[in-house]
Structure formats: structure tokens, C-alpha cells
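Shown next, in C-alpha cells, is the structure this report addresses.
Taken together, the values in this text are just the output of simple stated rules run on the coordinates, not laboratory data. What you see is a predicted model; the values in this text were computed from it and never measured. Methodologically, a virtual Cβ is constructed for each residue, glycine included, from the backbone with ideal geometry; neighbour enumeration extends over all protein chains shown.
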Amino acid sequence: MSTKDFVEKDYYKVLGVPKDATEAEIKKAYRKLAREFHPDANKGDAKAEERFKEVSEAHDVLGDPKRRKEYDEARALFGAGGFRPGPGAGGPGGFNFDLNDLFGGGPQGGGGTAGGFGGGFGDVLGGLFNRGGTGTRTQPRRGQDIESEVTLSFTEAVHGATVPLRMSSSAACKACSGTGDKHGTPRVCPTCVGTGQVSRGGGGGFSLTDPCVDCKGRGLIAQDPCEVCKGSGRATSSRTMQVRIPAGVADGQRIRLRGKGAPGERGGPGGDLYVVVHVEPHPVFGRRGDNLTVTVPVTFPEAALGGEIKVPTLGGPPVTLRLPAGTPGGRTMRARGKGAVRKDGTRGDLLVTIEVAVPKGLSDKARDLLESYRDATAGEDPRAALFKAAKGD
């Protein structure tokens, strides 16, 4: 990203969000647009690929609170048309000041002053203003962040899994080794003398730098443009990598893998890879935080008389729980250490909900015994307290 782009591009408009958008709103807008214009979903569509790059670039800035703050400060200070000194600035009788002081760097490149914006602001704009009038572009550039999605089974999410992930990102063109030249012999741009930037007068003795239009900011011009990248030196690269998803990951969780995004330029570090995890439901088990849940049916005699019942666990042997006599349906019991893995390596619990099973059919003997039980308990009314409460007694 050039310094000119940083000041003049409206990244809020690119993502379609207001300037006071929250971090969550920015992420939501980026994810929607990234899925819509992702190269994998728009193969051969150059416009969609360019739009995907614009959206990724906007998210790189607005998705980082520090860079967003610096971007907003730059836009507020210089606006979309660049910095314009006020009347008389730097002229006879005018007020002279040093922009290096404003950005937190004195004549010797020292620390910022109390009234300045600090080194961070100057770092991002780095090279926008140069007192000598000559722009340079020697700073390495960090690769773009990439966001992808993966779907796991319920068991994989609980125990962790290594999954293959195919990604597409901008990288150095393999056909020309990133030179942009078919034969790998580009020449230095005569306009910017290899710096990638040109200066223009800004008034008051200062100059501003813009990306060189002849080499598009690369500092090099292809003598015989590469047929694959059309001389840009960059191409869309697809790769498949094995990604380890940690145990205990939850549905919708976003995992950050540092340096696994798009490769950097000019020796810069790679961007980060963000993986959004989707978890498929399980036919038996559910999840509540670090705990797993399961509903276990029991017979009426087991619930009334008590006893031991076996309960299934996820991926392990069953556990035996002691069912107290008179256990009502809906009661939840706990099997400790049989849940999902926590960040510290310990495990949550298995929450077992008891459900009293009602038989759909009875044998003659079972019916006779059940009728005898009904006759023996004819004086008991389990709904008496309910009616009493309803009347307000």
C-alpha cells in the first residue's frame, strides 16, 4: 500500500461501512465481501479478483485498531486531496515549522514531541514528506491477511484435528520470479530511478511523494512483460497447507495463525491466516461451553427404585452413574472430566439429563402388575399441590 493510497483511499466506502463502525461491523462486512469476491468463487474474473484485493487492503487497515486510528488521523489532517499549507506558511513573514517535529521525528530522526502524533503515525506515512525532495521505497511490505473457513465434525472439534486448507492469495509470480519480465531481466525505471516514487512540490519548501505511474511503484520496468502476470510481478497463488485446529474449538470461533497468510514483499513478513471454524452437530451429544451434554432414557423402575446406569462418552468407554431412588425426569447429573478440552489442557464435564422412558406397548403381565401398582397408590395425587397453588391457598 503506497502512502498516497493510505491518505486518499476511502476504505470505509470500500467495505460499505460508516466511519463510526464498530470492529464487529467491519469484520462482518469484510467477511461478506471476501466470500463474494474470493478468487475461488470467481475463477477467471479479473474484476472480482481486483475487488477482492481492495476489500482485503481495506480490512488490513480498518481491522487493526492502531492502523485504523493512524488512518483516521491522516485523513483528518490531510483530507482526500493531500496536505495544503495555509496562507503564508513557509513564506516571508509566515510561520515556519518542521513536519518532522509534527510526526515525532526531529532533524536527527529522534523521538516525538509532546504535541506531535508520535512515531507510529510517522511510520505509517513513512516517506509521504521528505525535506530533500527525493522519495524512497526501501521498506519491506507485510503480506496481506487471509481469511478462510473450515468445517469440522463434532468429534474433531472436541478432540482437535489437522485438516488440509486450500488458499488463494497474491504472491510473487512464479513464471518470472516476481520480476515482471519474461526473461527475468527488468530494467530500472528511469522516471523514479528505481525508488518507486516521484516527488512533487507541496509548497513551503516541502515536497510530497507519489507512486511512480510509469512502473506502478515497483521501481522496475519489464523489457519483455511476463505473459502470466502482465509485467506486475504478482499473481494469484493457490496452495494447500495442513492446519492444526486445537482441541475444544467452538462453532464460529476464529483462529489466528501468524505468518501463514499471503507472502510479504521486499523481504517483508507474511500476513496472518484467520480460520473461521464451523462445527457439525452430533446425533447424541451437545455442547455447553467446555461441558458436553447428553440425554439418557431410564425405565420407571430405575427412576423409582434407583440403581446404576451406563452412560456413553464421546470417543471413550462408557461411564457408570449411580441413580438415586426417586430420581425425577429432567434431573441433570455430572460425569466429571468427560467433556471438551480446555485451553489449559484440563477437560470439562459430561452433563447427563435423565429422561423417564414411557413404554409404547405392555405385555399382559406388565399391564397386570402396573394396574396393581396403580390400585396400591390410588390415594396419592401428584397434582394436588399444583391445584392448591393455582387457587392461591
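Positive contributions from Lys and Arg (+1) and negative ones from Asp and Glu (-1), summed over other residues with Cβ under 15 Å from the Cβ of residue 351, come out at +4. Estimate the FRET efficiency between residue 42 and residue 10 by the formula 1/(1 + (r/R0)^6), using the beta-carbon distance for r and 22 Å for R0, to the nearest 0.05. Result of the calculation: an efficiency of 0.40.
Orientation-averaged projection of region 323-369 equals 5.0 nm² [convex hull of Cα atoms, one quarter of hull surface area]. Projection of the Cα convex hull of region 286-391, averaged over all directions and equal to a quarter of that hull's surface, yields 9.9 nm².
Cα-based values for region 140-281, radius of gyration first and Dmax second, are 20.7, 67 Å. Cross-link pairs exceeding 26 Å in C-alpha to C-alpha distance, out of 32/182; 43/182; 13/69; 27/230; 28/260; 32/343, comprise 32/182; 27/230; 32/343. So for the pair residue 388, residue 76, with labels modelled 7 Å out along Cα→Cβ, what separation do we get in nm? With each label placed 7 Å out from Cα toward Cβ, I get 6.9 nm. Dividing the Cα radius of gyration of region 229-369 by 2.2 N^0.38 Å, with N the residue count, gives 1.73. Note on residue 183 and residue 255: the model spin-label points, each 7 Å out from Cα along the C-beta direction, lie 4.8 nm apart.
Between residue 376 and residue 308, residue separation times 0.36 nm minus the direct Cα-Cα distance comes to 21.8 nm.
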